[in-house]
Amino acid sequence: MNILAFSTSASSVSINKKLVKEVLKHFEGASVDFPDMSEYDLTIFTTDKEKRDGIPEKVFEFASRIDQADLIILSLAEHNGAYTAIFKNLLDWTSRIPGRSVFNNRKIFLLATSTGPRGGSTVLGIASSRFPFNGGEVVETFSLPSFNENFDDEKGILIDDKRLELLEKTERIRRMF
């Protein structure tokens with residue numbers, strides 16, 4: 001199985017990157033492509049820029065990474081209740097590739113975490129509703145609330161019911177492949 005796994009945060013200390021790495025432990029043996037969102041710090045999308053300069057090469061590279069994946073594991077950082085600006089911009093640019101849906105009919109395991117008690121649930125809801133219109137099949141979602149209290153870099157997820165929930169969801173996804 002080929003997995004494209006990433007966090008929508010460009011932060012070098014992203015808690016969503018940590019969550020993705022924890023989830024990847026459940027997919028041993030898979031081939032994993034783990035790009036850093038900071039690789040896609042593109043000019044802000046406008047139709048004027050697209051007409052003048054075309055679609056940036058990095059956007060085609062990102063689309064190619066999607067196309068090589070059987071599964072996308074995506075952890076959504078929540079900025080003011082929505083997508084991060086860097087991810088939204090990449091999403092906008094990718095949607096401009098002629099004849100393409102952004103996620104090109106790939107299965108997606110959506111994750112989110114935050115330092116607050118809602119665990120990024122607002123952005124998770126937005127993406128769960130929106131991504132099917134962008135060619136993504138959201139097969140599971142997982143939210144980890146209050147990251148700093150509920151996650152340890154060495155032990156992983158500290159809440160038993162959340163650890164069990166993640167295990168059940170990853171097992172269901174693995175059975176799909």
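For residue 107, the residues whose modelled amide H falls within less than 5 Å of its own, excluding neighbours fewer than 5 places apart on the same chain, are 72, 137.
Restriction of the GluC sites (Glu not before Pro) in region 14-47 to DSSP coil positions whose beta-carbon has at most 13 other beta-carbons within 10 angstrom yields 28.
Multiplying the residue separation of residue 133 and residue 52 by 0.36 nm and removing their Cα-Cα distance gives an extension gain of 26.4 nm. I want to verify a result. In a Gaussian network model of the chain, Cα cutoff 10 Å, which of these has the top mean-square fluctuation: 120, 136, 99? Of 120, 136, 99, the most mobile in the Gaussian network model is 99. Taking Cβ atoms as reference points and 10 Å as the exclusive limit, the residues near residue 158 contribute a net charge of 0, counting Lys and Arg as +1 and Asp and Glu as -1.
The fraction of accessible area contributed by carbon and sulfur in region 65-104 is 44 percent, rounded to a whole number (1.4 Å probe; ligands and nucleic acids excluded).
Calculated from the structure at hand, Rg and Dmax of the Cα atoms in Å is found among (1) 15.6, 47; (2) 15.9, 53; (3) 24.8, 78 as (2).
Where Rh is the Kirkwood radius over the Cα pairs of region 80-121, the temperature 20 °C and the viscosity 1.002 mPa s, what D in µm²/s does Stokes-Einstein return? It diffuses with D of about 174 µm²/s by this estimate. Accessible surface area normalised per residue over the chain is 49 Å², counting heavy atoms of protein chains with a 1.4 Å rolling probe.
Please report Rg over Rh for region 100-177, where both radii come from the alpha carbon positions and Rh follows the Kirkwood definition. Working shown, then result.
Working: Rg = 13.8 Å, Rh = 13.5 Å.
Rg/Rh for region 100-177 comes to 1.02.
Electrostatic tally near residue 115: other residues with Cβ closer than 14 Å to its Cβ, Lys and Arg +1, Asp and Glu -1, net 0.
The simple spin-label model puts a point 7 Å past each Cα toward its Cβ; for residue 105 and residue 41 those points are separated by 3.7 nm. Dipole size of region 5-89 about its Cα centre, with +1 on Lys/Arg Cβ and -1 on Asp/Glu Cβ: approximately 220 debye, rounded to the nearest 20.
Using a simple spin-label model with pseudo-atoms 7 Å out from Cα toward Cβ, residue 60 and residue 177 lie 2.7 nm apart. Could you check which residue among 33, 92, 53 shows the biggest mean-square fluctuation in a GNM of the chain with a 10 Å Cα cutoff? Among 33, 92, 53, the largest mean-square fluctuation in the Gaussian network model of the chain belongs to 53.
For the options 58, 107, 25, a Gaussian network treatment of the chain with springs between C-alpha atoms closer than 10 Å singles out 25 as fluctuating the most.
The values are calculated or read from the model by the stated rules, or taken from the named source; none is laboratory data. On a predicted model such as this, the values are computed, not experimentally measured, just so you know. Reconstructed Cβ throughout: ideal geometry from the backbone, glycine too, with neighbour counts over all protein chains shown. Protein only, heavy atoms only, side chains kept; ligands, DNA and RNA dropped before computing areas. Shrake-Rupley method; radii C 1.70, N 1.55, O 1.52, S 1.80 Å.
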